[in-house]
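Inspection log for the structure reproduced underneath, given as C-alpha cells.
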Amino acid sequence: QVPLVESGGGTVQAGGSLRLSCVASGRTFSTRAVGWFRQTPGKEREFVAGITRGSILYYADSVKGRFTISRYNAKNTVYLQMNSLKPEDTAVYYCTTDADPSPFQSDYAWDYWGQGTQVTVSS
C-alpha cells in the first residue's frame, strides 16, 4: 500500500490559481511515477498530468501551458500548480502513483489512489 493524501483544493474564480499537493507515506515518490487525474459526475476519470520515474513530464492538451507538475523528493510530495483556471477545470482531482504505469494516461494502469480533492472554478 502507498497511502496518498491530497490537499489544496477549493473554490476559485476563473483566471485564478490553485496548487494541489500529494503526499505519500511509506514509500518514496522518487522511484515511482506520479500522476494527477480528474473526474466530474457522470464522466470517466481523465488524465491531467504526470511525471515518470525518470522525471519526464506529460500533460493533457487541455491543461498544457496552464498546469505544472513537480516533485519535491525531500518532502515526498508532488505538486500540481494550476494557473489560468477555467470553469471546465472544475472536478475532483486525484493523485495516483505506480512503479511503471502503461499506458501512462489510462487510469487503469495506476495502482494507488488518493481520496481526491474538489476544485471548483466559478465563472
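Quick notes on this structure:
- Accessible carbon and sulfur surface of the chain relative to its total accessible area, %, 1.4 Å: 47 percent
- Fraction of beta bridges assigned by DSSP in the chain that are antiparallel (%, nearest 5): 90 percent
- Between residue 5 and residue 108, residue separation times 0.36 nm minus the direct Cα-Cα distance comes to 35.1 nm.
- Reachable aspartates and glutamates, given that their alpha-carbon falls under 12 Å from the alpha-carbon of residue 86 and they are not under 8 places away in the same chain: none
- Candidates 119, 47, 73 compared by Cα position along the dipole of the chain: farthest toward the positive end lies 73, with charges placed on Cβ.
- Rounded Å value of the spacing that divides the Cα centres of the stretch 6-75 and the stretch 106-123: 8 Å
- Per residue, the accessible area of the chain comes to 50 Å², computed with a 1.4 Å probe over protein heavy atoms only.
- Over the chain, the pair-distance histogram of Cα-Cα distances with 10 Å bins from zero comes to 14, 51, 30, 5 percent, rounded to whole numbers.
- Heavy atoms of residue 111 accessible to a 1.4 Å probe, total area in Å² rounded to 10: 100 Å²
- A simple charge model with +1 on the Cβ of Lys and Arg, -1 on the Cβ of Asp and Glu and nothing else charged puts the dipole of the chain at about 360 debye relative to its Cα centre.
The values are calculated or read from the model by the stated rules, or taken from the named source; none is laboratory data. Predicted model only: the values in this text are computed from it and were never measured. Here Cβ is always computed from backbone atoms with ideal geometry, including for glycine, and neighbour counts include all displayed protein chains. What goes into the accessible areas is simple: the full protein's heavy atoms, side chains included, and nothing from ligands, DNA or RNA. Shrake-Rupley method; radii C 1.70, N 1.55, O 1.52, S 1.80 Å.
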